[in-house]
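Take a look at the structure below.
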Amino acid sequence: MNRLIYNTAFLIVVLIVGGSCNCFLNAQDKAKAPLILDMVHHNPGEEPYKSVYNNPVVIKEMGYNGKVYFLFESPALAINWESVDPDILPKGSPDRRWVDEKAAQIRTMHAACKDQQMSIYAMSDLVLFPNRLIEKYGLQETFGDPKNPQTERFVRAQINEMFDQFPDLDGLVVRIGETYLHDAPFHKGAIDDKNNPEKTIVPLIQILREEICVKRDKQLIFRTWGSFDVNLDDYLAVSDAIEPHDNLIISVKHCEGDFHRANAFSKVIGQGRHPQIIEVQCAREYEGKGAYPNYIPNGVINGFEEHARMPEDEINSIGEFVEKTPGLYAGIWTWTRGGGWDGPYIKNEMWCDINAWVMAQWAKDPSQSEEAVFNRYATERLNLTGKDIANFRRLCLLSEEAVVRGRNTTHRDINPWWTRDQGIGWPPTPADAEGQLRNLNQKDESIAKWKEIVKLAKSIKWDSPKNREHAIASAEYGLGLFKIYRTLVYMSYADSQGDKKGVQKWIKAYDKAWEQYNKLPEEYQSVATLYTQDYKRHIGNHADTKVNTLR
């Protein structure tokens, strides 16, 4: 099989350490059973999401066998370091009080998970140390280097403290591609040469493998996001340098880059020596975060239409990955909620739920067809019958088609980063004529599909007024938002052609689309918070500002 270039996506190396302390699966069972993990990715710096998926009872019933706690729920922030040096977090100090409170909170979470016989994982940014430790030992310039003797010493001590002070912890998820400190007021994080296998990645994994996998027989998840997730040679260099271990797994986002439709399928999936767990985002951070219908399991499992053009000898779906390299399949890791920043904030988790439930149920037995699992969801969780099942599937598959056409094209003719979270930027115009025409045509196709989605939502006999209202409200939300997208794409094209009359025409359509969209909360109580014209966070070329210069 040709080497598969890693998806710029979110290649996640999940080094999972199996464990004698995992009282729910023995070593032989763990080797056979796929990991079905979920995480709620809370917005950094904000109040945690109020979500049913925070509850281990809920996700266990959905089919999950493990829960990953988010960065700011990690024991890395909650150990007291007393066995290393009591002066690092002195008793009675503000930082020690904060750490002790965090530890109590985490132990309560772990107890709830253990009560459900769910495996417990914690995600942690490395290298991450208390401020006092860094200052006392003069590590300001060196603690991001895992080859530095002092850094290595404290990383090993940190791992020991985490598992000693939180014995219910079954595994650790490690990220080095980014460091979030929004909810960590008494810690600092750093990593040097995060893209360098020889200097950073391999030495750090070897330390963690020895401390967690070998010494502790626990599970380690090492994410490659932002590190060795875009270069296949780097990925294979890491794979070749790290001896396989029963507890070592690599987790890979199913698409290149971040979770954008039209991005290529991850070419690193199915490569290397280590089993892989696939990461799937269920409330897509660049696509409304669950505010509108956006069904993704069909594309993830069977292949999105934009990946159909890949060579036959290359893997283009998770289903094909399991079929061609079954020995490398380790499971699925979903984020039921979260990713990105700010809104939209949803009030109803319907569209997250179907994505998560179908992925979790399929992951247990990949010999099932995605459609069979989907039909079970429609009957078991939504209580649909007869033609309503077929209409609901039609609605969901249309959402898959409408989203990629409305935000980009099936050929990725524009940069996907122009709209994200609750904001909208100025859409770039494709450089070539063919791409320009396809971009415009597919925006029209997207609106036609959204209109059909609305009709289907209204036609289905839902099992409750609540589900009916939200299905219609969220479909209208998608239609309204993608109308705004369409006006901007046409306006951008007219501007690029020097068509001043066309620009003014589309400004009027833009204003009207916003006016209609902004009325949705007046009609539907369950609708998510809206995209806003003034939102600029991480928006490079703000759309509304650009429009106002063209008026």
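Of the chain, which part is the longest with no GluC sites (Glu not before Pro) in a loop (DSSP not H, G, I, E, B) and with at most 15 other C-beta atoms within 10 angstrom?
Answer from the scan: 313-551.
Any idea what the dipole of the stretch 293-376 comes to, in debye rounded to 20, about its Cα centre with Lys/Arg Cβ at +1 and Asp/Glu Cβ at -1?
The dipole of the stretch 293-376 has a size of about 380 debye.
From the phi angles alone, apply the Karplus equation (6.51, -1.76, 1.60; θ = phi - 60°) to the stretch 92-100 and give each ³J(HN,Hα) in whole Hz, x where the residue is Gly or Pro.
Working through the residues one at a time gives x, 7, x, 5, 5, 4, 4, 5, 5 Hz.
Could you order Lys483, Lys188, Lys253 by accessible surface area, starting with the largest, using a probe radius of 1.4 Å?
From most exposed to least exposed: Lys188, Lys483, Lys253.
Report, in deg cm²/dmol and to the nearest 500, the calculated mean residue ellipticity at 222 nm for the chain, where each DSSP H run with n ≥ 4 adds -39500 (n - 2.57) and the sum is divided by the residue count.
For the chain, the value works out to -13000 deg cm²/dmol.
Please enumerate, by chain and number, the aspartates and glutamates with C-alpha under 16 Å from the C-alpha of Lys91, excluding those fewer than 8 residues away in the same chain.
Glu82, Asp100, Glu101
In whole angstrom, how far apart do the alpha carbon centroids of the stretch 34-105 and the stretch 151-192 sit?
Computed from Cα coordinates, the inter-centre distance equals 11 Å.
Rounded to the nearest 10 degrees, what's the angle between the helix 232-241 long axis and the longest principal axis of the chain, both from Cα atoms, 0 to 90?
Once rounded, one gets 20 degrees.
Which of the lysines could be linked to Lys449 by a straight reach, that is with a Cα gap under 27 Å, when you skip same-chain ones fewer than 8 residues away?
Lys289, Lys347, Lys387, Lys458, Lys461, Lys466, Lys483, Lys505, Lys508, Lys512, Lys519
With all protein chains present, calculate the accessible area of Asp100 using a 1.4 Å probe and round the result to the nearest 10 Å².
70
Which residue, Val58, Val230, Phe154, has the largest displacement toward the positive end of the dipole of the chain when charges sit on each Cβ (Lys, Arg +1; Asp, Glu -1)?
Val58
Take the alpha carbon atoms of the stretch 119-174, find their radius of gyration, then divide it by 2.2 N^0.38 Å using N residues; give the quotient.
1.20
Could you tell me which residue out of Ile207, His538, Ser93 lies farthest along the dipole of the chain toward its positive end? Charges go on the beta carbon: Lys and Arg +1, Asp and Glu -1, centred on the Cα centre.
His538
Near Lys60, which aspartates and glutamates are there with a Cα under 12 Å away, not counting those fewer than 8 places off in the same chain?
The qualifying aspartates and glutamates are Asp38, Asp115.
Residues with beta-carbon under 11 Å from that of Gly406, excluding Gly406: net charge, scoring Lys, Arg +1 and Asp, Glu -1?
My count for the surroundings of Gly406 gives +3.
So, with +1 on the Cβ of K and R and -1 on the Cβ of D and E, and no other charges, what is the size of the charge dipole of the chain about its Cα centre, to the nearest 20 debye?
1480
The values are calculated or read from the model by the stated rules, or taken from the named source; none is laboratory data. This structure is a prediction, so every number in the text was calculated from the model and none was measured. Here Cβ is always computed from backbone atoms with ideal geometry, including for glycine, and neighbour counts include all displayed protein chains. Keep in mind that these areas ignore ligands, DNA and RNA; they rest on the heavy atoms of the full protein, side chains included. Shrake-Rupley method; radii C 1.70, N 1.55, O 1.52, S 1.80 Å.
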